[in-house]
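In what follows, a structure is listed as structure tokens, so that the remarks can point back to it.
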Amino acid sequence: MMEKLLQSVPDLPGVYRFLAADGSILYVGKAKSLKKRIRSYFTGVRSAKTQALVCQADDIEVTVTDSPFEALLLENTIIKKYQPKYNILLKDDRSYPYLKITTEKFPRL
């Protein structure tokens, strides 16, 4: 089933969701190329976390976006709303980290 799904995934930017058998979202990710990114989960060496995710996944849903930036925003929104089991970042409603560059003589963080 996954091989047929992988063949139908477009080579476009977007967001993908690994789903459990009950339809709950296990993991949300973004990609510049959905086809390449999703295929990477099924080829090569996988971490224990990735192996567990792939074994638990019953389906994968994709949403094509107009740009990688739009994919980033959508991924962030979905993670905050559903708090998927395998997404550890963005669960606590914090925003992205950033650095402020100033003209002070001795910059600090």
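Return yes when Ser67 is more than 20 Å from Glu3 (Cα to Cα), at pLDDT 95 or above and either crowded, with 17+ Cβ neighbours inside 10 Å or among the hydroxyl-bearing types (Ser, Thr, Tyr) (or both) and no when it is not.
For Ser67, the condition - more than 20 Å from Glu3 (Cα to Cα), at pLDDT 95 or above and either crowded, with 17+ Cβ neighbours inside 10 Å or among the hydroxyl-bearing types (Ser, Thr, Tyr) (or both) - is met.
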What are the residues in the stretch 11-34 that are more than 13 Å from the chain's Cα centre (by Cα) and either at pLDDT below 95 or polar (S, T, N, Q) (or both), if any? Ser24
Do you know which residues across the stretch 51-90 are over 21 Å from Asp11 (Cβ atoms), in contact with a helix residue (DSSP H, G or I) (Cβ under 9 Å, 6 or more places away or on another chain) and of a type in the set (S, T, N, Q)? Asn87
Out of curiosity, is Asp58 in contact with a strand residue (DSSP E or B) (Cβ under 9 Å, 6 or more places away or on another chain) and surrounded by fewer than 16 Cβ atoms within 10 Å (Cβ to Cβ)? yes
Restrict the check to the stretch 70-88 and report whether at least one residue is part of a helix (DSSP H, G or I), at pLDDT 80 or above, among the polar types (S, T, N, Q) and surrounded by 15 or more Cβ atoms within 10 Å (Cβ to Cβ). yes
Kindly evaluate Thr43 against the criterion of being part of a helix (DSSP H, G or I) and not basic (Lys, Arg). no
Just the residues that are without any contact (Cβ under 8 Å) to a residue 24 or more places away in the chain, surrounded by 15 or more Cβ atoms within 10 Å (Cβ to Cβ) and under 20 Å from Lys85 (Cα atoms), please, taken from the stretch 18-45. Arg37, Tyr41
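The values are calculated or read from the model by the stated rules, or taken from the named source; none is laboratory data. Treat the numbers as computed from the prediction; the structure is a model and nothing was measured. Positions of Cβ are generated from backbone atoms using ideal geometry, with glycine treated the same way; all protein chains shown enter the neighbour counts.
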